[in-house]
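Shown next, in structure tokens, is the structure this report addresses.
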Amino acid sequence: MGPHPAVAAIRLAVRRVLHDILTEHNRTTAVPTGAPRAAHDTALETSYALPGPPPREPLHAAPHERPPSPLVLVACSGGADSMALASALAFEAPKLGIRAGGITVDHGLQPGSDLRADEVVQRLRELGLDPAESIAVTVGRTGGPEAAARDARYAALDAAAVRHGAVAVLLGHTRDDQAETVLLGLARGSGIRSLSGMAAVSGAGGRYRRPFLGLDRQTARKACMVQSLPVWDDPHNSDPAYTRSRLRQEGLPALEKALGKGVVEALARTAQLSRDDADALDAWASQAEAAVRDATGLLECAKLYALPPAVRRRILRRAAIEAGAPAGSLFARHIEEVDRLITGWRGQGAINLPGKVVAQRQGGRLVIRQG
């Protein structure tokens, strides 16, 4: 008898991501032609049969003939989503010859958070993850409490990945999280890229992977329950002081009541379609940028004017960021003001952007630089 359907679903999702990670890793550490295949190479070919018995362990090649065994970390808060992810990683990684570890980040925002972080580390070790550690961070105030906590968390995960030499970090975001992200982007009115939600692969060199974007939150919780995995429900997730919490507790249920079931799935599908469109427009803008710069590298307003607005504004945004404007503080309204220097030129003055960046029109050229 195979595993519970919820457990099978999370394991399959993780297995697919690990397969991708291992394929990429082997590509960068290729075994010379004619060398015997390593154990995890053979395991790749047999690991997708689910349900069913696990593949037989193949004979190992000599250690010096195998590429180094890659390390994959899981970011685990102790909640149902990340605990389900940690358990699936612990189960699947050894089959592919992958080392698996876990990191929990202590934001220090609640009394006793350090003790809870220690408990999570203990659970990760009980699953067989090594290394398993807690990282304490100091959460600033820039961008609000949610953004500041997120920035501190990713900085800690980046540092841990570098310190341990990890090839990837798995994150437990689910389809429900994706739907919430799309709605938050829609509320901000910040364009199609914001509606594309979270990418399955993101970060420097594709460091962050999100195996559960196709699974709902209830599947992860069910997987923890049937495996008797203890989980911790963060009170911040139901605290109305936080925008995402209000959306989760009130907004999405209201939408489902008004529009019927399937809203979460539809929003997640919208995210993928929006991401495809945004990626295509980004590629177009990247190709067009060289053609709208003069010999000195300045942007020519007449050539920019001839481009479709979606392409032109992407070029303007990229130029502002390159000049020093923080991407997280650069909103659509800023780019629209700069765009008017091209499409609605009436001799207006310079536009001040975040990061003390100034955009102004001079002699038919658009100059964006530190003020």
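The values are calculated or read from the model by the stated rules, or taken from the named source; none is laboratory data. Treat the numbers as computed from the prediction; the structure is a model and nothing was measured. Every residue, glycine among them, receives a Cβ derived from its backbone with ideal geometry; neighbour counts consider all protein chains shown.
Among the residues of segment 338-354, which ones are surrounded by fewer than 17 Cβ atoms within 10 Å (Cβ to Cβ) and not polar (S, T, N, Q)?
Residues of segment 338-354 surrounded by fewer than 17 Cβ atoms within 10 Å (Cβ to Cβ): 340, 343-350, 352, 354.
Selection gives 340, 344, 345, 346, 347, 349, 350, 354.
Could you go through segment 215-237 and let me know if any residue there is over 29 Å from residue 126 (Cβ atoms) and under 19 Å from the mean Cα position of the chain (by Cα). Walk me through how you get there before you give the answer.
Filtering segment 215-237 for residues over 29 Å from residue 126 (Cβ atoms) gives none.
Checked segment 215-237: no residue is over 29 Å from residue 126 (Cβ atoms) and under 19 Å from the mean Cα position of the chain (by Cα).
Conditions tested, residue by residue: (1) at pLDDT below 85; (2) at positive phi.
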{"site": "54", "(1), (2)": "yes, no"}
{"site": "58", "(1), (2)": "yes, no"}
{"site": "70", "(1), (2)": "no, no"}
{"site": "88", "(1), (2)": "no, no"}
{"site": "95", "(1), (2)": "no, no"}
{"site": "123", "(1), (2)": "no, no"}
{"site": "141", "(1), (2)": "yes, no"}
{"site": "144", "(1), (2)": "yes, yes"}
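Residue pairs whose Cβ atoms lie under 8 Å apart, separated by 6 or more positions or on different chains, with the first residue in segment 1-27 and under 15 Å from residue 172 (Cβ atoms) and the second surrounded by 21 or more Cβ atoms within 10 Å (Cβ to Cβ) and aromatic (Phe, Trp, Tyr), are 10/212; 13/212.
Suppose the filter is within 18 Å of the chain's Cα centre (by Cα) and in contact (Cβ under 8 Å) with a residue 12 or more places away in the chain; does residue 120 pass it? Quick ask: steps written out before the conclusion?
On the way: within 18 Å of the chain's Cα centre (by Cα): no; in contact (Cβ under 8 Å) with a residue 12 or more places away in the chain: yes.
No; evaluated as a whole, the condition is false for this residue.
Segment 173-278 holds helices (runs of 4 or more DSSP H) entirely within its bounds, and those carrying 3 or more residues that are among the basic types (Lys, Arg), modelled with pLDDT of 90 or more and crowded, with 18+ Cβ neighbours inside 10 Å map to 217-226.
The set of residues in segment 161-172 that are under 30 Å from residue 6 (Cα atoms) and part of a helix (DSSP H, G or I) contains only 161.
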